[in-house]
């Protein structure tokens, strides 16, 4: 028969285990994985927005490589990465590649449908000129 | 503050005991003190945002009230991640920037004045984030300098024109010294900082990342409620 003290300790131990389980279920695990594989996307958009002479081909090379790496490891590219690549390809004069990336942004993120369709129509018009 | 999890759940018998309610109270207290819970934040009313439940957020170029021109790219580029990781679709900011300019909207301030229904028409966004940068750049002291970023933000529902969330946050390079930030915030911020070392000499850029995270990220005291794409959606209160 256990003493009241050890019963209390046991009850506290069970309480703690249960409360930590609740914490885990609430999404408070110690190192949750990000939803997306961000890579260099944030830095790339910062450099683009900063302006100055920037060769779009360099950004294209880096981000296309990043995309391939994400896909190979089964991780998701973040919202906007395909969109940014579309813009870079357009700046580099490749409207077809731009349109392809917009299709992929739309496929991954249907919330973008209205905007990506509008942009695709614009790029097609540009391409036809 | 980090939360850690160890050990299996207890058996069903424990849940039926009279001490079960004490256990639940202890759990909620643990979560609240640990900063992990999305309940118990009396100071932040997220009900308007939860009711509106936007799936997509248009991040507009931030208005810059600091003397540093790099504040706009520095903050604009950092706002996407905390919102996306909170479960919202965020429109590609460089494309948004081009579209605004192509439509004659040349400055961030002008973009903040565009009629909400027009933004809804062009982008199809459910909501838009309006940020003002109050401070960005180095504060020079006698022997050193600190990079400081302060920003205010609000989210407007583009279907109604109503403001559904407001927040403000700040960060300083002084806090990072000798400290590693734990948890998801640390992972994401370190990832951002690592990628740009060598390419960027703007010390305020990573600080803007910390401030953006504090401003927006679901689960932080100021941040938004989790969006539709969040991994473990929270029940509406």
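Values computed for the structure shown
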| item | result |
| --- | --- |
| Given (1) in a helix (DSSP H, G or I); (2) modelled with pLDDT under 95, index of the condition residue B:178 fails | (1) |
| Single unsatisfied condition, residue B:55 versus (1) under 16 Å from the mean Cα position of the chain (by Cα); (2) surrounded by 20 or more Cβ atoms within 10 Å (Cβ to Cβ); (3) within 9 Å of chain A (Cβ to nearest Cβ) | (2) |
| Selection count, region A:95-129, where residues are without any contact (Cβ under 8 Å) to a residue 24 or more places away in the chain and more than 19 Å from residue A:61 (Cα to Cα) | 16 |
| Filter result for residue B:185 (in a helix (DSSP H, G or I) and modelled with pLDDT of 80 or more) | no |
| Residue match in region B:144-153 (condition: within 14 Å of another protein chain (Cβ to nearest Cβ), out of contact with any strand residue (DSSP E or B) (no Cβ under 8 Å at 6 or more places or on another chain) and either at pLDDT 85 or above or closer than 22 Å to residue B:220 by Cβ (or both)) | no |
| Filter pass, residue B:119 being in contact with a strand residue (DSSP E or B) (Cβ under 7 Å, 6 or more places away or on another chain), in a strand (DSSP E or B) and at pLDDT 95 or above | no |
| Residues located in region B:74-128, provided they are farther than 19 Å from residue A:91 by Cα, within 12 Å of chain A (Cβ to nearest Cβ) and over 20 Å from the mean Cα position of the chain (by Cα) | B:119, B:120, B:121, B:122, B:123, B:124 |
| Residue B:167 vs. criteria surrounded by 19 or more Cβ atoms within 10 Å (Cβ to Cβ), in a strand (DSSP E or B) and in contact (Cβ under 8 Å) with a residue 12 or more places away in the chain | yes |
| Odd one out for residue B:113 among (1) buried (at least 24 other Cβ atoms within 10 Å of the Cβ); (2) free of Cβ contacts under 8 Å to residues at least 60 places away in the same chain | (1) |
| Residue that is closer than 17 Å to residue B:222 by Cβ, touching a helix residue (DSSP H, G or I) at 6+ places or on another chain (Cβ under 8 Å) and modelled with pLDDT of 95 or more, where the choices are B:83, B:60, B:46, B:100 | B:83 |
| Selection within region A:83-125 - part of a helix (DSSP H, G or I) and either within 8 Å of chain B (Cβ to nearest Cβ) or touching a strand residue (DSSP E or B) at 6+ places or on another chain (Cβ under 8 Å) (or both) | A:83, A:84, A:86, A:87, A:105, A:111, A:112, A:113, A:114, A:115, A:118, A:119 |
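The values are calculated or read from the model by the stated rules, or taken from the named source; none is laboratory data. Note that the structure is a prediction, hence the values are computed from the model and not measured. Ideal geometry is used to build each Cβ from the backbone, glycine not excepted, and the neighbour counts take in all protein chains shown.
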